[in-house]
Structure formats: structure tokens, C-alpha cells
Amino acid sequence: MNTPQLRNLSRRNFLVSSSALVVGSYAYTTGFNPAFANTTRTLSPSVYVAVGSDGIVTVTCHRSEMGQGIKTAVAQVVCDELEADWEQVVVAQAEGDAKYGDQNTDGSRSIKNFFVPLRNAGAAAREMLIQAAAESWGVAASECEAHDHAVHHKASSRSASFGELADAASVLDVPETPTLKSRENWNHIGKSRVHVDAKDVATGNATYGADVTLPNMAVAIMVHAPVLGSSPIDVKVPESAKNDLRFIGVETINATPGPIGFNPVGSVAVIAEDTYTGIKIADELEISWSDSPNQSFDSEVFQEKLREAVEQPGQVWHAVGDANSMLDGAEETIEAVYETPFLSHAPMEPPSAIAKVVEDSVEVLAPVQDPQTTRNTIVGAQSFALENVKVTPTLLGGAFGRKSKPDFVLEAVELSKRLKRPVRVQWRRENDLQYDYFHAPSVQRYEASLGENGMPIAWRQRTAFPSIMSTVAAPNMVEPANWELDMGFTNTPYRCDNQSIEAAGLKAGVRIGWLRSVCNIFHAFGANVFIDELAEQAGMDPIDYRLAMWDGMDVIQGALPSEPGHEFKIERLRNVLQKVRVNSGWDQKIADGRALGVAVHHSFLSYVATVLEVDASDPNYRVTNAHVVLDCGTYVNADTCVAQMEGAVVFGLSGAQRAKLTFKDGAIQQNNFDGYLIARMPDGPSISVELVDSDHLPAGVGEPGVPPVAPALSNAIYRAGGGRRRSLPLV
Amino acid sequence: MAITMNVNGVEHSLDVDDNTPLLWVLRDHLGLSGTKFGCGRGLCGACTVQIDGSPTRSCLTTVAAASGRMISTIESLVEQQPDLVDAWVEENVAQCGYCQSGQLMSAAALLATNAAPTDEDIDSAMAGNICRCGTYGRIRKAIHRTAEGRQ
Ligand code: FES
Ligand code: FES
């Protein structure tokens, strides 16, 4: 691949001169889920772009960078409208501030929500530069145009660079409704660009949470309670530590009563001058912990309860016709139960945060997905005024939803306050797996009866899982929320005239959170495997069967109203499925010993179809090839979309093949990568990706690639002769 | 006890606990934060450096064991194998990037001993380096690209 590269100059000591042209824009955003997105759903002015008199364009990225390439994409959008030269653009990371609009980098919606505001910012800056040039030349602005980082007046062959014009432009009014470029004139949007941090990453110069060192900073190594809800009662520090000059002390943090939310859990922090001293002493502490109601939590027992739940009628979310009596009276029905386990985000960078409390203010540097929620959470937990809390995201060494939850930041703030010096909290992998906000386990039960033509005439589907709401909102909110169910369940594209869609929730004894793709992971699994089972029963090809089910269908309505312009269109789902059919050679003769499996899913307003090819001779059914087709509407960085689909296949395979977490006596039984098995290089198939050329509104990219992976693998294993596998992990 | 070692061509003399893992000496004492902490147990490869040219997990290597040896870290790679760094950028390998120092140091060691690695060679040399973002396909491509460029 050869794509233009943008040097990331952000570490150069670049100052925007006071007369720099700064363009404000307006950001209107909606929450990821209406129930607890608590931060900034307001109309507010924000600042995304500045042009310096040295000609350097600074684009401020207010979303967190965790590998999804958002810094690059934001720059592409602004740069395009501005007609700036890619080589003269630097990207700065914004701190948490409501003036930027929503910063909750979650739910695959940075481009979806900010495409227009960012274009407006770039276009407004362009119009101001043109206006400044026109005024200085005494010509009409309409006779001038911007391109290549300069404004040109063709009639008189005059040009002025953006740098030359910045001062004059900076005193002009910001146009409220600048004219946006038309699609055919885009020169950055839709193209491939290497990520702005690529060179820094490849030279070890990229800065993540643990890479910042402040003067006089102490390191805190955390020992967390084995069971959620326990607090330390007694701590014995080893004798050897007492003579260690690099050991500072231990601090205890009690479990917060009430809703779990983002509060710190019970822990003992070992404070030291350096990381290893902290680790060494942490491993030798003897700690007794208080009892917790969660100490009887057992994931096997919990799974059994979920199984029982789907044998009973649940809360009915959708009912048409008379599915229940038809199924109960049918001579033959097809029934299947699908199960998925607890999973962990396990980003490669374990949580880490730096806090510096000075009297009544605090500065935080940490890999957080939402610096505003982090600020608000600090304000809620401590007695700081919001304006005295500054939170700046570093790069995130992976996040996948984990770093939306700032519990680890609160630890750093609390410890810095007590120690009166800057503190870096460093979690180890063991802490990370033990105190994740876990991906919920689930059980789904599907039942259908088929008519003469093999198509369903009655259909009942039930899902049971612990709701995220029971962790982040209130413990008594156990029923799955509408937005969780609209992740592949209540908005299922598999419809029938007699249909019942039911759900049940149970509270777990551990924290539940959102992991990349959230409930879509298990719902896409159940639905896509069940459809393959029905196709087999009907004696039809799995792709043909799906297409037949969608015959004559137009729009799918879930539990929540669709966002305007983002209706779930069957036509687009059909299109990605038909494309992947061609790309994967589905109807061709397959190489001996190979088998293909398919799945297709709509999530985060995008459409993805995936075909996996497995090696049938391998007892573990190694995936040899993957074909993915993505329709995410208008996209910004083509190569990033491809990379996200590639990464999603591997991420999906981790969960599909081997990853599983279990709990006994309230404690996790896996503590590192020897117990929690992540896909490695030999597991990574060759992956081809097609992006659908589309002028629909931009939709999600980071998450929608994951859900089809596990069902496509299960379906491929079946076709390879490995039997119907209805429970994750599959091998 | 004072320990001496050569890191990226510079001699260092350090007064640290013998059992301190090299990872934390690099990061905390020498300010070389390019080498990353991922698991602390030799399971993920994020901390990979080269000791006398061999890819080594610095989280499991004590500073005493590294004493007197030649250590190279990601910070020196751009001088040692600039074409490998370039290939990583050109293939746009990194997503979050956190695992990539370790990936690059393993890849550099592979290429130093195997001028034209096959996919199988890459799979076995790189199996100890986890990438949670799933950049394996691009890592393969960047290694092949570098090898081809050297032919
Ligand atoms: S940190 Fe050394 S192998 Fe994971
Ligand atoms: S690029 Fe994120 S872990 Fe490899």
C-alpha cells in the first residue's frame, strides 16, 4: 500500500499565535445510550481548527485515539473542506471540555456525529481565508478560490498562502452556514491516509498512559479485593519493605457502598518510587478482606440460571400473530439454545492513570475514552469544582470500551490527594482481568416451525443476560434495556407473521460493561446460527434462505425509533450479503478440506457480511481466509475502514475460538494471557475487505465487524463436518 | 550493587535491585518508555527487546542477567533497520500501537536471521506477540515488504 503520510508534528513545540485564526463550530450529539449518557448532550460551541501565521493548520481532535484512527480521520475531514495541504496539518489532542461537544469515544459514532460539524469548521475557515484575501486584493470573494493551502484570484493571477492570510482572517466573523464542498470535489474524504501517529508508534515515541513521568511522581501498584464489594480489613507489610528506601507506604481504599458505577473497588495500593518496588512489595502483602454478598457468585451457576430463564416466558418486546399457540400446537418445531460466556476487553495496555492533586485542583493524564465523563466522575467523587479538574487523554493502548469507565483514574486522584504528590496508578494484567467491566454472558433460545415452503410460520426467540444497567445505573435495574436489545435482538431482520420476542435479565456478582460491539456479539451469534439451522431443515443454501426471508421486506423497526437517515434497510443488508457471496466464491467449488460459513449483521447503523473459510482437517478448525463486506455509508479513511474490519475478524476470533472467563466464590479464575486466550499471529487468517461505495450518512466502523465472526465460524465448522456448535467458545 | 549494561550503544551503570526486571529498568530508570508492559509474565511480547541480537522478554529478564550484555530497544530500531520502520508506516500496520514496539523487535530479530521468511516462519517467530487490535495480517505484509526490499 502506498498512501500519503502526514507527519505528526504535535510533539513539536507548536504554539498557535494569539492572532491565529480559530474557527468555532457547533456540535450536536446524541448519547450512545439515552439512559446513562450523562455528559454533554447539549448544543455548544467548539473549537476544532486553527491556522497559524506560519501556515501550520492545527486540527484539534476531541475524540480519544485508541487505534480506530480518529485523529487521522478528523484531520482528513477538516483538511478537505479547508483545502489545506496534508503535509502542513498537525493534530492536537483535546482535553476534556464541554465546548467540544460530546467526547464519549464509544459506540462507533465519532464520524457519524461529527462529520458535518467538522466539515463546517473546515469550510468556515476556508471562507474566512478567502474573504481576507479578497479584501486585501479589493476583489469579490466569489472570484477567489482556495486550493493547495492558498487562496487564488485567477483573473489577476494573484495568490496568498494560508499563513499570510491567517492574521487578517482571524478578525473576521465566523460564517455560520459556510458552503460545503460537493462530494465529487472531495480530495481527502474517502481516501486512504496513514495514521498520523504511525511513525511515532514504530519508533517507540508514542505516548500512552504509563509513559508520562511527572517530577516527584510516585507509582501505585494496586492489589484489588478478590471479590467485588470486599474492602481491606488488615494489611501486613513484609519486614523487608520497611528498610526499602524506595517503598513509600500502603494506602487502603474501601469499596464504595451503593451502585457500582465507575467507583473504585476495595483495594490496597502499594506506593513506591518506582514500579518494580511496588510490584515486589504488592506480591508479599498479607491482606484480609471483608465479606461481600458477591462471594458466592459462581459463573456456572449463573449460566444455569440464564438457561432456566429462557425456558420461561420473558418480558415481551414484540408480538405479532399467535406464535405461542402455533408453536405449542405444532407437530414439529426446531429449537436451539445458544450460549456465550463472560469476556474481557483486555486491551494490550492495562489501565494506568496519572493524577496530580494540588490543593483544590487536579490534573489527570490518562488513557480514557471520555475525558468529560472522567472529569464529572472526579467531581462526583471528590470535592473539586469542575473548572479545577483537568483531564487530558493520552493515546489509548487499546480500549474496546474498558477505558470508558474511569474507576482507575479515581484511584489515582484519591491517592494523589492523600500523598500530596503526583501519583501514577499502574494496573497489572491480573488487575485488568479481575476488575474488568465484563462482557455479559448470555443464553438465547430460538424456536420456529416451518411452512410447506420451508420458511418460518411461527417464531419465538428469548434472550437472557445481565444488563449493563445493573452495574452502571442501579443494581435493581436487572431487565435488559431497549438499547441493549436493539443490538441484534428486537431489531432482528428475521421476521415472521407469528412472532414473539422476549427478554429476561439477571444480576451478576461482578461488574458488567460494554465491550466492542456489546450485545450484538451474542445476538448475532444466536440469530445467524439459527438461520443456518433453519436453512438446513428447509434444504436450502444458507445465503438463499436469508434472501428468501427478506423477500419483500423494506425497513426493520427495533424497540427504539430510528435516527433520521439511519433507518435499518434490508436492501443494504441484502447487498453486503450478495457481495460477500461473490467475493468468497461461495457458489464455486471449494478447495478440498475447506468449508465456508457465513453471517451477516447490522449494528452501529452499518451492515457487515462475513464469510470465513476453515481448514476441515484441523481439529481446531483454523480459519484460513476471511471475506468481509462493509457498508458504513460515507466513509472518511478507506484504509482505516479496511483495518478495522481486519482487526474485527481477529477480535471476533478471540471470542469465538477460545476466550472464556469463569468465576468461583466470587473470584475470577483466569488472571493472565495463559488463562484468557487471545488470538495470536498463527490464528490470523488472510482477510479481504470490500467497502461498499455509498453516499448514505456516515455510520459506525469500529464495532460492526465483530458480530458476524463467531456465527460465521460456527456455521463453517458445521459445514466442515464438525457438528452444530451452539456455545462459545467453539473450539 | 552497581550493574553495567549497554543499551542502544550507551553504557549505563545502575544501582538497582538485582532482581529488577529489565523492563522496569528501561522504563523507570533509563526513561526508555518505548518498551511496553502488557502482562509481566512472558505471555504477550509487548516488552520485547533484543539482548545480543536475540528477541527477549524484558519483563522476565532480570537486570542482573542483562548485565554486561548489549541491549537494543525500539528506540534504536530506526537506526538499525530503518527500512523495517518504514515498512510498518507504509503498511499502516498499527492500530492502537501499544503492542507494536514488541512486534517490531521480534520482527527485526527474525529478519536478522532469516532474510526471506515464509508465512510459517513469521507465524512461529511472532506467535509470542499478542496484538489485541488484530494487526497480524499487516505485520506479515510489512515483514515481507522489508525482506523483498532487501533482496
Ligand atoms: S510484558 Fe513481557 S511478555 Fe508481556
Ligand atoms: S496495535 Fe493495538 S494491540 Fe497491537
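The values are calculated or read from the model by the stated rules, or taken from the named source; none is laboratory data. Only a predicted model underlies this, so the values are computations on that prediction, with no experimental measurement involved. Quick reminder, even Gly has a Cβ in these numbers, built from the backbone with ideal geometry, and neighbours come from all protein chains shown.
Just a few scattered comments:
- Residue match in the range A:631-646 (condition: within 26 Å of the chain's Cα centre (by Cα), of a type in the set (Asp, Glu) and within 14 Å of chain B (Cβ to nearest Cβ)): yes
- For the range B:93-110, the condition of being away from ligand 2 (no atom under 16 Å from the Cβ) and part of a loop (DSSP other than H, G, I, E, B) holds for none of the residues.
- Among the residues here, A:ALA309 qualifies as surrounded by 19 or more Cβ atoms within 10 Å (Cβ to Cβ), outside any strand (DSSP E or B) and among the small types (Gly, Ala, Ser).
- So A:LYS356, is it away from every other protein chain (no Cβ under 14 Å), away from ligand 2 (no atom under 16 Å from the Cβ) and at negative phi: yes
- Counted residues, the range A:685-701 - those being assigned to a loop (DSSP other than H, G, I, E, B) and either within 21 Å of the chain's Cα centre (by Cα) or more than 10 Å from chain B (Cβ to nearest Cβ) (or both): 10
- Matching residues in the range B:112-136 - criterion: being within 16 Å of ligand 1 (Cβ to nearest atom) and touching a strand residue (DSSP E or B) at 6+ places or on another chain (Cβ under 9 Å): B:ALA125, B:GLY128, B:ASN129
- The range A:499-518, residues that are more than 16 Å from A:ALA346 (Cβ to Cβ) and among the polar types (S, T, N, Q): A:GLN499, A:SER500
- When A:VAL425, A:VAL443, A:VAL478 are checked against the criterion of being touching a strand residue (DSSP E or B) at 6+ places or on another chain (Cβ under 8 Å), modelled with pLDDT under 95 and more than 16 Å from ligand 2 (Cβ to nearest atom), A:VAL478 stands alone in meeting it.
- When the residues of the range A:334-353 are filtered to those that are within 14 Å of chain B (Cβ to nearest Cβ) and not in a loop (DSSP other than H, G, I, E, B), the one that is farthest from the chain's Cα centre (by Cα) is A:SER352.
- Within the range B:91-111, considering residues that are more than 20 Å from B:GLY53 (Cα to Cα) and either more than 15 Å from ligand 1 (Cβ to nearest atom) or under 9 Å from the mean Cα position of the chain (by Cα) (or both), the one farthest from the other protein chains (Cβ to nearest Cβ): B:VAL93
- The residue list A:ASP234, A:ASP298, A:ASP244 contains one member that is surrounded by fewer than 19 Cβ atoms within 10 Å (Cβ to Cβ), within 14 Å of chain B (Cβ to nearest Cβ) and in contact (Cβ under 8 Å) with a residue 12 or more places away in the chain, which is A:ASP244.
- Unique residue being within 14 Å of chain B (Cβ to nearest Cβ), of a type outside the set (Phe, Trp, Tyr) and either within 30 Å of A:TRP459 (Cβ to Cβ) or buried (at least 19 other Cβ atoms within 10 Å of the Cβ) (or both) when the list is A:ILE260, A:ILE281: A:ILE281
For (1) in a loop (DSSP other than H, G, I, E, B); (2) in contact (Cβ under 8 Å) with a residue 24 or more places away in the chain; (3) under 30 Å from B:PHE37 (Cα atoms), each residue gets a yes or a no:
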site: A:LYS403; (1), (2), (3): no, yes, yes
site: A:ARG418; (1), (2), (3): no, yes, yes
site: A:ASP436; (1), (2), (3): yes, yes, yes
site: A:ARG460; (1), (2), (3): no, yes, no
site: A:ALA464; (1), (2), (3): no, yes, no
site: A:ASN491; (1), (2), (3): yes, yes, no
site: A:CYS496; (1), (2), (3): yes, yes, no
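Table: residues versus (1) closer than 28 Å to A:GLY69 by Cα; (2) among the polar types (S, T, N, Q); (3) at pLDDT 95 or above; (4) under 32 Å from the mean Cα position of the chain (by Cα).
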residue	(1), (2), (3), (4)
A:GLY122	yes, no, no, yes
A:SER156	no, yes, yes, no
A:ASN187	yes, yes, yes, yes
A:VAL196	yes, no, yes, yes
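- Of the helices (runs of 4 or more DSSP H) that lie entirely inside the range B:1-90, those containing 1 or more residues that are within 12 Å of chain A (Cβ to nearest Cβ), out of contact with any His (no Cβ under 7 Å at 6 or more places or on another chain) and free of Cβ contacts under 8 Å to residues at least 24 places away in the same chain span B:74-80, B:82-90.
- Within the range B:111-122, the set of residues being more than 16 Å from ligand 2 (Cβ to nearest atom) and assigned to a helix (DSSP H, G or I) comprises B:LEU111, B:ALA112, B:THR113, B:ASP119, B:GLU120, B:ASP121.
- Number of the condition not met by A:LEU228 [criteria: (1) in contact with a Gly (Cβ under 7 Å, 6 or more places away or on another chain); (2) on the phi > 0 side of the Ramachandran plot; (3) more than 12 Å from chain B (Cβ to nearest Cβ)]: (2)
- Residue in the range B:133-148 that is more than 16 Å from ligand 2 (Cβ to nearest atom), within 7 Å of chain A (Cβ to nearest Cβ), assigned to a helix (DSSP H, G or I) and β-branched (Val, Ile, Thr) present: no
- Flag if A:GLY107 is part of a helix (DSSP H, G or I) and either in the same structural domain as A:LEU82 (by TED's automatic domain parsing) or under 17 Å from A:GLN76 (Cβ atoms) (or both): no
- Search result, residues across the range B:25-50 that are more than 19 Å from A:ALA202 (Cα to Cα) and touching a Ser or Thr at 6+ places or on another chain (Cβ under 7 Å): B:ASP28
- Matching residues in the range B:117-147 - criterion: being surrounded by fewer than 17 Cβ atoms within 10 Å (Cβ to Cβ), farther than 25 Å from A:LEU396 by Cα and free of Cβ contacts under 8 Å to residues at least 12 places away in the same chain: B:THR118, B:GLU120, B:ASP121, B:SER124
- Failed item in (1) away from ligand 2 (no atom under 16 Å from the Cβ); (2) among the basic types (Lys, Arg); (3) touching a His at 6+ places or on another chain (Cβ under 6 Å), with A:LYS390 passing the rest: (3)
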